[in-house]
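Student: Quick one: the structure is below, and I'll ask about it shortly.
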Amino acid sequence: MADISKLTGLQENEPLSSDIYKDAGQGKPFPPKGRYTLRAPENFTQEAFGVSKAGALTAAIDPTIVAPDQYAGIQVRFQRISAKTYQRAGQPVSQVGDYLRATGLQFKLSGNPQETADAIEQTANAVYEAYLDWRLFARGHGDGGTDLVIEGMENFPQDENGKYVPFVTSKTQTNPETGEPMRLRANLTINGFVPARQ
C-alpha cells in the first residue's frame with residue numbers, strides 16, 4: 001500500500017462509485033454552417049465592452065446555441081460587434097444595430113456610446129437567430145510561417161465521405177508529444193443576424 005502520510009494539505013473528495021460513474025461522452029459534433037437559434041450572455045460585464053481602432057464602441061456578445069438540439073450548449077466564442085456605422089441602401093447601419101434588431105429590442109440610438117452600451121446590456125439572455133459559419137485564424141501556421149486564414153466551411157478539407165472536417169494540420173509546427181503536425185481547429189463565427197419579426 002502506498003504511504004502518503006507525509007503529504008500535507010490533502011483534503012477529502014466526494015465519494016466515487018463505478019456503479020453510478022458517468023463516463024466522458026464523445027462530445028457534441030461541430031456545428032455545420034447554417035441558421036441557428038442563439039442565446040445572449042446572462043449579463044454583459046464591463047470587460048465585454050471595448051474600443052475599435054477607429055474609435056467605435058465594440059461589444060463581446062459570445063452567444064450559446066439553443067437550437068437545433070444536437071448543438072445546444074455550444075458557445076460561439078470571440079464574437080465582437082462594432083457600433084461603427086456604414087451605409088446600407090442609403091441608410092446608416094452597424095453590426096450593433098443588426099444585433100439589436102435580431103434580438104427584437106426596440107431602439108432609437110443617438111450615437112452616444114453609453115446609450116449604445118446600455119441598449120446592448122438590455123439584450124442579456126435574449127434569444128435570437130443568426131447564420132453561423134467556420135473560420136480559422138492561426139498566426140504563423142501557413143506556408144513559410146505566414147498566418148493561416150480559412151473563411152467558410154466549404155474551404156475546409158473533406159473526409160472520405162465528403163463531409164467537411166473542422167480542422168487542418170499546421171504547415172510549420174508539430175505536436176511536441178507525438179511529432180505529428182499540429183491540428184488547428186475552426187471556430188464558429190456569426191456571418192449575419194436574422195432580424196426578429198416585429
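The values are calculated or read from the model by the stated rules, or taken from the named source; none is laboratory data. Note that the structure is a prediction, hence the values are computed from the model and not measured. With ideal geometry, Cβ positions are generated from the backbone for all residues, glycine too; neighbour counts draw on all protein chains shown.
Student: Ser82: modelled with pLDDT of 95 or more, closer than 27 Å to Ala186 by Cβ and more than 19 Å from the chain's Cα centre (by Cα), yes or no?
Tutor: Criteria not met by Ser82.
Student: As an exercise: evaluate Gly144 against (1) loosely packed, with under 13 Cβ neighbours inside 10 Å; (2) touching a helix residue (DSSP H, G or I) at 6+ places or on another chain (Cβ under 9 Å); (3) among the small types (Gly, Ala, Ser) and give the number of the one condition it does not meet.
Tutor: (2)
Student: Return the total of residues in region 132-175 being touching a residue at least 12 places away in the same chain (Cβ under 8 Å) and in a strand (DSSP E or B).
Tutor: 19
Student: If you don't mind, there's one more thing I want to ask. Can you find a residue that is part of a strand (DSSP E or B), among the hydrophobic types (A, V, I, L, M, F, W, C), within 27 Å of Pro195 (Cα to Cα) and free of Cβ contacts under 8 Å to residues at least 24 places away in the same chain anywhere in region 38-54?
Tutor: Within region 38-54, the first condition is being part of a strand (DSSP E or B), and the residues that meet it are 38-39, 49-51.
Okay, now just the ones that are also among the hydrophobic types (A, V, I, L, M, F, W, C), so 38, 49, 51.
Applying the additional criterion that residues be within 27 Å of Pro195 (Cα to Cα) yields 38, 49, 51.
Subset that is free of Cβ contacts under 8 Å to residues at least 24 places away in the same chain: 51.
Within region 38-54, one or more residues are part of a strand (DSSP E or B), among the hydrophobic types (A, V, I, L, M, F, W, C), within 27 Å of Pro195 (Cα to Cα) and free of Cβ contacts under 8 Å to residues at least 24 places away in the same chain.
Student: Quick one: which of Glu129, Glu115 is farther than 15 Å from Ile81 by Cα, surrounded by fewer than 21 Cβ atoms within 10 Å (Cβ to Cβ) and either under 17 Å from the mean Cα position of the chain (by Cα) or among the small types (Gly, Ala, Ser) (or both)?
Tutor: Every option except Glu129 fails the conditions.
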